[in-house]
Amino acid sequence: MRKLLLGAAAVACLGAGALAAAYVVTDPKLPSGPQAESHGDAQSFSEVEYGRTMLTIADCAACHTAKDGGEPFAGGRAIETPFGVIVSSNITPDRETGIGSWTDDDFADALWHGFGKDGHQIYPAMPYPYYTHMTRRDVDAIHAYLKTLKPVHKEVVSDTLPFPLNIRLGMRAWNLLYFRDARFAPDPAHDDVYNRGAYLVTGPEHCGACHTPKTILGGDETAKLYQGNVIQGWTAPNITGDQRRGIGSWSVEDVVEYLKTGHNRQAASSGPMAEEVGLSSSRMGDDELRAIAVYLKAQPGQDDAGAPVPAGTPAMQAGAAIYADSCASCHRGDGSGVRGLFPTLAGAPVVQQLDPTSLIRVVLQGARSAATPSAPTGAAMPSYDWRLDDAQVAAVVTYIRNAWGNQAPAVEAGAVAKSRRAFAEQAHPVE
C-alpha cells in the first residue's frame, strides 16, 4: 500500500508541477502578508499566559516535542504521513536553529499561509490549512508565549520525504487545490456557543486533520467533514452527530467528560487520541469543551443503510465463542463493560466505524487508555496477536461490530493479515 501511495503521490507531484506553473502564471504573488488586525501586548503577563492556553489548545507540543524525553518544543519528532516521515521543527526561541529571529508577521505567515521565514513552503503536516482560521490575536499570543521559553540549540533536518515529494514547489499546487486563506467568520444563524465551538474545531484544535477523510493527495474530502479517517494505523472515528458511528448518542456532557478525562460511559481514548487528550483537551476549560461538543454534534453524519451480519453465520458463531473465552471477563457478556476501566462495546460508536483498523489493532497489539489528572488510571488491554490467528481475529472483531444491536461491515481474515503486516512494518508507531 505504501508503494502504491508513493507511486500515486509521485504521479500527482508531476501533475502538481504543471499546476504550480499554472498557479504562478495565473497568480504570481505569494500568499499575502498578515492582515492588519488588532494585536495583544506581547509584554503583558496576561497575554503570555493567554498564549500558553492557545498553544495548548492548538496541541503544538504533540508534534514539536520529541517523544524520547526531548526538550519541549525543540522539534525532532518523526511524524508518519501516507507519503513518508516528516520531522518536526524546533520552535523554541533559539536564533540559529529555532524561531528566535522570527517577527510576529513571520510567525503569522507560517500559521496562516504555511510559509517559513525564508519563504520555503511548509508541508501541511503542520496544519496551517486549519490554523489559517485563527485570529491574529491568538496567533500573536502563541508567539508571545513561545518567546518566553528557554532557547534550545538543536538543528533539525525536516526534509525527509523521498524524491519527488521533497520538491516543495509541488505544495503550491496542493495549496491551489486544498488551501483557502481565510480567517474564521461566525455564522449568524447560530449562537455564541456554537460559533465558539466552530472556531476551536476548524482552527486551533484542527480536528479535521485527523477525523476528515483524505483524498489521494492528502487534502480534506470536504463533503465528509469529521466522518472518520485512518491515520498512523488508527481509525480516527466519526465525530459528527451521527447516531450510530458518531457522537450523536452522546450528550454534550458525555463529550466534555471524554475530552476532559479520556473516558466516558461508552469509550476510552487510546493511541493518538489519548495523546491529544493528555496534552490538550484535558487542560482546556469546560466551557470550551462544551462549545466543541455543541458544534460537532450539529455536523451531519453518514448514510446508515445496511444490515448487521446475521448471528447464524460461521464468523459470528466463531466470534461469539472467542469473545466469551477471551473478552467477556472484562467487557462482560452483554458488552456493557465497566465504566472507567473497560469500555462499553454495545452501541459504542468506535466499534461500528466503517473502517475497523483501530479495533483490529487493539485486538492484535493491545492498548492503554489515557491517564489524566482527573482520571489517573489508564487501564490497559493485553495483546492477542500471539494467541489468535487472522481468521479468529476477523471473527471476534466481526462479532463485536454486530452483536448487541451493533451494525458494521464484516471483517475478513485478509484484512487482518494486511493490518498485522502494516503494524509490524510501521517505522514510527504512535503509542
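Scaled to the compact-protein estimate 2.2 N^0.38 Å, what is the alpha-carbon radius of gyration of the stretch 185-267, rounded to two decimal places? Working shown, then result.
On the way: Rg = 13.6 Å, N = 83, 2.2 N^0.38 = 11.8 Å.
Here the Cα radius of gyration is 1.15 times the empirical estimate.
Using a 1.4 Å probe, what is the accessible area per residue for the chain, in Å²? Spell out each step's value before the answer.
Values: 19490 Å² over 431 residues.
Value for the chain: 45 Å² per residue.
Can you tell me the 0 to 90 degree angle between the C-alpha axis of helix 136-146 and the longest principal axis of the chain, rounded to 10?
The answer is roughly 90 degrees.
So how exposed is MET273, as accessible area in Å² (1.4 Å probe, rounded to 10)?
50 Å²
For the chain, report the translational diffusion coefficient in µm²/s to the nearest whole number, using Stokes-Einstein at 37 °C, 0.692 mPa s, and a Kirkwood Rh over Cα pairs.
For these conditions, the coefficient is 144 µm²/s.
Just for the Cα atoms in the stretch 115-178, what are the lengths along the principal axes, largest first, rounded to whole Å?
38, 30, 18
Just from its helices, what would the mean residue ellipticity at 222 nm be for the chain, if runs of 4 or more DSSP H residues each count -39500 (n - 2.57) and the sum is divided by every residue, rounded to the nearest 500 deg cm²/dmol? Display every interim value, and only then the final one.
Values: 17 runs with 175 residues, N = 431.
One gets -12000 deg cm²/dmol as the mean residue ellipticity at 222 nm.
With a Förster radius of 56 Å, plug the Cβ-Cβ distance of ARG387 and GLN43 into 1/(1 + (r/R0)^6) and report the FRET value to the nearest 0.05.
0.40
Which aspartates and glutamates does LYS418 reach when only Cα atoms under 17 Å apart count, and residues fewer than 8 places away in its own chain are ignored?
Excluding near neighbours in sequence, the set is ASP355, ASP385, ASP389, ASP390.
Please identify which residues in the stretch 376-407 have an amide N closer than 19 Å to a label point set 7 Å out from the Cα of ALA417, following the Cα→Cβ vector.
Hits in the stretch 376-407 for ALA417 at 19 Å: 385-398.
I need the calculated FRET efficiency for the pair GLN243 and ARG137, taking r as the beta carbon distance and R₀ as 25 Å, to the nearest 0.05.
0.10
Determine one quarter of the surface area of the Cα convex hull of the stretch 290-431, which equals its mean projected area, and express it in nm² to one decimal.
10.1 nm²
Would you work out if the stretch 56-186 is rounded, prolate or oblate? Take a ≥ b ≥ c from the square roots of the eigenvalues of the alpha-carbon gyration tensor; rounded if a/c is under 1.5, else prolate when a/b is larger than b/c, oblate otherwise.
Working: a/c = 1.60, a/b = 1.06, b/c = 1.52.
Oblate shape, in that a/c is at least 1.5 and b/c is the bigger or equal ratio.
Listed here are the pairs LYS260/LYS297; LYS117/LYS214; LYS67/LYS150; LYS117/LYS154; LYS214/LYS260; LYS67/LYS224; which of them are more than 20 Å apart at the Cα? Present the calculation step by step, with values, prior to reporting the outcome.
Details: LYS260/LYS297 17 Å; LYS117/LYS214 28 Å; LYS67/LYS150 18 Å; LYS117/LYS154 17 Å; LYS214/LYS260 27 Å; LYS67/LYS224 32 Å.
Listed pairs above 20 Å: LYS117/LYS214; LYS214/LYS260; LYS67/LYS224.
Show MET381, MET284 ordered by accessible area, largest first, where the area counts protein heavy atoms only and the probe is 1.4 Å. Could you put the intermediate results ahead of the total?
Working: MET381 60, MET284 5 Å².
The most accessible residue leads, giving MET381, MET284.
Round to the nearest 10 and report in Å² the accessible area of LYS147, as given by a 1.4 Å probe over the protein chains' heavy atoms.
Rounded to the nearest 10, that gives 100 Å².
The values are calculated or read from the model by the stated rules, or taken from the named source; none is laboratory data. Remember, it's a predicted structure, so these values are computed and weren't measured experimentally. So basically every Cβ, Gly included, is an ideal-geometry build from the backbone, and we count neighbours across all protein chains shown. Just the protein is used for accessible areas: all its heavy atoms, side chains included, with ligands, DNA and RNA removed. Shrake-Rupley method; radii C 1.70, N 1.55, O 1.52, S 1.80 Å.
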